[in-house]
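Readers should treat all values here as calculations from the given coordinates under stated rules, not as data from a laboratory. None of the values given here were measured: they were computed from a predicted structure. Neighbour counts run over all protein chains shown; Cβ positions are idealised from the backbone, glycine included.
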């Protein structure tokens, strides 16, 4: 009933399709689990399991192919919005990383000063940004920060906490016994992704050339079972970063950059979308072989890599425009499509039989098939069958052209004077 939309009819088709995938997977696992039980227990628990359903019964209801094609079109439209700015994304991320590196350096300097002076938290510090003393470039701003430990923060904001954590913070008990965990507060102005391997080495206090510790892949991922324990770069405090954490870091680096599709729809930047953008840029722009890109993305099935790297609509349109521009520069379009009245009449009848109603253009009907070699300059185009009934359109266009000539002449004379 749910797949037929008799129940919850407002749910989109993608949600229904995901429900079927989850139900089908869960019911199969339950059958396997039930088969592993002894016979007496099997009869007890069987009534609590989900009955498996054959794909034949839902083949026309899930519309899996339609859902997949729709999702691919949406993903490619979003990729189309990101790929043209791929170089700008890299430049902006690198620029902001440099700012984060300078902030991290100032942060560690403040901690060293704190340990020497024996100050209590919170500790304020600042550093200058945007200048270069050696080149004589003045500082553009000064950024102020404050370093807290958990005890000082809770005591300073006691009105936001219940009595129990405030008392524990004052006494240094329970979770507040460990004072090694600090956090940074931005105060005012008069950004923190990790410099992955090096900063993780400092975090884990590793010796030079010592490998990063292996961690389990994110347990919350639906594909986590495919990946074994390994020294992943996206880890912290002995845990693999979740998709949400990685996406948060990525959006932090690219904050303020807005992406929209050709239809003006806002694109939400995600890690998977950047994989699509990278694959498309690498194959279509950098001309890197698809098998190498597939190896970079750890995709064993090159069909998936081919889908990731397909050209976007903007790429196809731009390539078509460049091709037509080259053709127009090498070929006299008027001579190339010049036809006698008899030939135009024959083309008109053939095209009408194949394509039905032809496109109406100024002064007649177009019989050119495919791309417009004249770039829609219909007046004077030899690929148009004139229609005497549309003579007034040509006359109006001629009047408009005369006004444009007079205006252009006037502008030139005015600029020269």
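Of all the C-alpha pairs in the range 14-145, what % are more than 27 Å from each other?
In whole percent, the share of Cα-Cα pairs in the range 14-145 beyond 27 Å is 62.
Put a dot 7 Å past each Cα toward the Cβ at residue 180 and residue 99; how far apart are the dots in nm?
It works out to 3.2 nm between the two label points.
Would you please give the FRET efficiency between residue 245 and residue 360, computed as 1/(1 + (r/R0)^6) with r the Cβ-Cβ distance and R0 = 56 Å, to the nearest 0.05?
The formula returns an efficiency of 0.50 here.
Is the range 267-313 best put as rounded, prolate or oblate by its Cα gyration tensor, with a ≥ b ≥ c the root eigenvalues, rounded for a/c under 1.5, and otherwise prolate when a/b is larger than b/c, oblate when not?
Judged from the Cα gyration tensor, the range 267-313 comes out oblate (a/c at least 1.5, b/c at or above a/b).
What FRET efficiency comes out for the pair residue 15/residue 252, r = Cβ-Cβ distance, R0 = 35 Å, nearest 0.05?
That gives a FRET efficiency of 0.70.
Please report the spacing between the Cα centers of the range 218-278 and the range 287-303 in Å, no decimals.
Each part's Cα centre sits 19 Å from the other's.
State, to one decimal in nm, how far the label point of residue 173 lies from the label point of residue 56, with both points 7 Å from Cα in the Cβ direction.
6.9 nm
Kindly identify the range 221-307 as rounded, prolate or oblate by the Cα gyration tensor criterion: order the square roots of the eigenvalues as a ≥ b ≥ c, call it rounded if a/c is under 1.5, otherwise compare a/b with b/c, prolate if a/b is larger, else oblate.
Oblate is the answer for the range 221-307, as a/c is 1.5 or above yet b/c matches or exceeds a/b.
State whether the range 139-278 is rounded, prolate or oblate according to the following rule on the C-alpha gyration tensor (a ≥ b ≥ c being the square roots of its eigenvalues): a/c under 1.5 gives rounded; otherwise a/b larger than b/c gives prolate, and the remaining case gives oblate.
oblate
Take the Cα of residue 92, step 7 Å along the line toward its Cβ, and report every residue of the range 216-258 whose backbone nitrogen sits under 11 Å from that point.
Of the residues in the range 216-258, 251-258 have backbone N under 11 Å from the label point off residue 92.
Please work out the FRET efficiency for the pair residue 292 and residue 314, using the Cβ-Cβ distance as r and a Förster radius of 22 Å; give the result to the nearest 0.05.
It comes to 0.35.
Among 216, 78, which comes first, then next, by fewest other beta-carbon atoms within 10 Å?
216, 78
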